[in-house]
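Let me begin by presenting the structure, written as structure tokens, before commenting on it.
Only the coordinates and a few stated rules stand behind these numbers; no lab work does. Just so we're clear, the structure is a prediction, and the values are computed from it rather than from any experiment. All Cβ positions, glycine included, derive from the backbone under ideal geometry; neighbour counts span all protein chains shown.
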Amino acid sequence: MSKEKKESVIESSIKRKYKLQAKDVKVWYDDFMAIKGISMDIKPNKVTAFIGPSGCGKSTFLRLFNRMNDYVDGFKMDGEINIDDKNINDKDINVELLRKQVGMVFQKPNPFPKSIYENVAYGLKIQGLKDKKFLEERVESSLKRVALWDEVKDDLNKNALALSGGQQQRLCIARTLAVEPSIILMDEPTSALDPISTAKIEELIYKLKDKYTIVIVTHNMQQASRISDNTAFFYLGELIEYDKTNKIFTNPEKQQTENYITGRFG
Amino acid sequence: MRKIKELVIERALLFSALITIAVTIGIILVLSIEAFSFFSEVSIIDFLTDPEWTPLFTNKHFGILSLLSGTLLTSFIAIAFAVPVGLSISIYLSEYAPKSFRRTIKPLLELLAAVPTVVYGFFALMVVTPFLQSFIPGLSSFNSLSAGLVMGIMIIPYISSLSEDALHAVPNSLREAAYGMGSTRLQNSFKVMVPAASSGIIVSIILAISRAIGETMIVAIAAGQQPRLTFDPTVPVETITAYIVQVSLGDVQHDSLEYKTIFAAGITLFVFTFLLNTISYRIRKKFQEKYE
């Protein structure tokens, strides 16, 4: 398939709403079975939270949606991950284009050891965009959306590593937004941050859901209840319960879910 | 009893540390004293500007430039060959190769540095030079080109191994960031990994240069023994190290001016490698501060 054609596949799917779907997904790391057959649909333009104790497979599961597990040694999977009914593990999928559509924010802020400007412009530059004016505008608008612009506008050439942890994480979100993805995966984005930075990022996530489909892994139950529309509870590689956040936190169907959210284990 | 044992061990360790320092100071002292007595007979200006080096002839000239040009030329050829090759290997091993392959190939590559340099010297003279002569007609039997290239092969593992260590030490979170943004492996390697590991890579190159400048056997065997101020890679030259070997092996009288030239040449070499090591030490210190 030619490059243009691949892009048109992605383009045409933008018009439809982005819908994520897992079909009987199993994952192994060598002999260890990390995901034991999970099927679920994730609704577009909503925030979906993945909760569960450490080692339950929620991060592994999240990383299937932009194929970030591809580089992990011993990783093997079975089943289907579909984005708008297209299996993203098919041979004709260009994984780099996929990752531009499915952005990711990581647990620990991981800005490149480059300037603030270069960090935000990185994704556009690797796509071959060179127009300086366009890049500058996009850097500014992305930084404004994460409410970082006022803090850094005077010194965009400052090394990103000189920013505080909370600023770095907002920079990483801005970097992801700059390439205009449709889906954003967040892997415990606030676990390394102080409460004030956490509040800023939660507010941001809340604002972003109008335009994006957001999936967030979190260890923080209050966070899940504050910002998500739907919540999925994972335990030992299985999806135990998946429902409206309100329902999960007030009246869960399963005993295990209740035990976890009330803090009896995990 | 235990306390005495501890004390003895502590003193023994201190003693061995002092020995190495004493030896270093001794070497510098001997070099300086002999070089000083050399420079009381030959003006330092002549030493640095005279284009000829003929201390063993009746018409004596003491211009270090012609030896230095031999050293710089062979080192330059070696580096020009080893940097691209060594860097490509390190990027391949760190960013492309499967883990198991890296674990096998890296020690094998490091073997290259363990081959005795005299073997490399004969390899350059008997294999590489005749091979190059088949398409460079004017190439003399002794030349800096093949000596430089073979020296390049010898220092490849210095660059590939140390650069690979530097690339490997870049936090994995940066790799994930790069891939997460939709980088290809190539973009990840050159736009994120190499810049992030740049100080370690530069240190590896400086150490390789330092090794090339100090290398003796290969150039003594394959580059010839004709001091000549030239940057033509096809003609015989003599490096500082090769000259030192030549004089040390010959029947030059002890304490003669000819004998002292060894130390003048030696201190020149020492200044170069010392500077390079200092630079690499500085860079390494900066690098550690950045990631700790």
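A few remarks follow.
- Mean partner shielding of peptide A:114-122, defined as the number of other chain Cβ atoms within 10 Å of each residue Cβ, is 2.
- Residue-span extension gain [A:PHE134 to A:GLU96] - 0.36 nm each, minus C-alpha spacing: 11.5 nm
- Sparsely packed GluC sites (Glu not before Pro) within region B:24-118, loop by DSSP, other Cβ within 10 Å at most 10: B:GLU41
- For the peptide A:104-110, the mean number of other protein chain Cβ atoms found within 10 angstrom of a residue's Cβ is 4.
- Sparsely packed trypsin sites (Lys or Arg not before Pro) within region B:51-153, loop by DSSP, other Cβ within 10 Å at most 15: B:LYS60
- Segment B:GLN246..B:SER100, full-extension length gain: 48.0 nm, with 0.36 nm per residue of separation and the alpha-carbon distance subtracted.
- Paramagnetic label reach from A:TYR71 (point 7 Å along Cα→Cβ; backbone nitrogen cut-off under 19 Å): within region B:142-179, residues B:163-179.
- The angle separating the long axis of helix A:195-208 from the principal Cα axis of greatest extent in chain A is about 90 degrees.
- Helix-only mean residue ellipticity at 222 nm for the protein assembly as shown, each DSSP H run of n ≥ 4 adding -39500 (n - 2.57), per residue, nearest 500: -17000 deg cm²/dmol
- Average other protein chain Cβ within 10 Å of Cβ, residues B:168-180: 5
- Counting only trypsin sites (Lys or Arg not before Pro) that DSSP places in a loop and that have at most 14 other Cβ atoms within 10 Å, the longest clean stretch of chain A runs over A:18-90.
- Rounded tilt (10° steps) of B:2-39 against the dominant C-alpha axis of chain B: 40
- The calculated FRET efficiency for B:ARG282 paired with B:SER141, based on their beta-carbon distance and R0 = 45 Å, is about 0.60.
- Couplings 3J(HN,Hα) of region B:115-132, computed from phi: 5, x, 5, 5, 5, 4, x, 5, 4, 5, 6, 8, 10, 5, 4, x, 5, 5 Hz, in residue order, whole Hz [Karplus 6.51 cos²θ - 1.76 cosθ + 1.60, θ = phi - 60°; x for Gly and Pro].
- Ignoring the sites themselves, chain B has its longest run without chymotrypsin sites (Phe, Trp or Tyr not before Pro) in a DSSP loop having at most 16 other Cβ atoms within 10 Å at B:136-230.
- Computed lengthening from A:THR250 to A:LEU236, 0.36 nm per intervening residue step minus Cα-Cα distance: 2.8 nm
- Checking the cross-link pairs A:LYS43/A:LYS209; A:LYS36/A:LYS86; A:LYS125/B:LYS191 against a 18 Å limit on the alpha carbon distance flags A:LYS36/A:LYS86 as lying beyond it.
- Each of B:ALA12 and A:LYS125 was given a label point 7 Å from its Cα along the Cα-to-Cβ line. The distance between the two points is 5.6 nm.
- Its relative contact order, with pairs defined as Cα atoms under 8 Å and 6+ residues apart, puts chain A at 26 percent.
- Helix A:165-178 and the longest principal axis of the C-alpha atoms of chain A enclose an angle of approximately 80°.
- Inter-label distance, B:ARG185 to B:TYR92: 1.1 nm, where each label sits 7 Å from its Cα along the C-beta direction.
- Region A:17-262 - share of DSSP beta bridges that are antiparallel (%, nearest 5): 60
- Given R0 = 45 Å, the distance between the Cβ atoms of B:ALA114 and A:ASP194 translates into a calculated FRET efficiency of 0.30.
- Relative contact order, percent, region B:1-103 [alpha-carbon distance under 8 Å, six or more residues apart]: 12
- For region B:68-107 versus region B:234-275, the inter-centroid distance based on Cα atoms is 29 Å.
- Placing dummy labels 7 Å off each Cα toward the beta-carbon, the span from A:ALA162 to A:ARG264 is 5.3 nm.
- Mean separation of Cα contacts under 8 Å (6+ apart) over length of chain B, as relative contact order %: 26
- Using the Cβ-Cβ distance between B:LEU257 and B:ILE25 with R0 set to 30 Å, the FRET efficiency works out to roughly 0.70.
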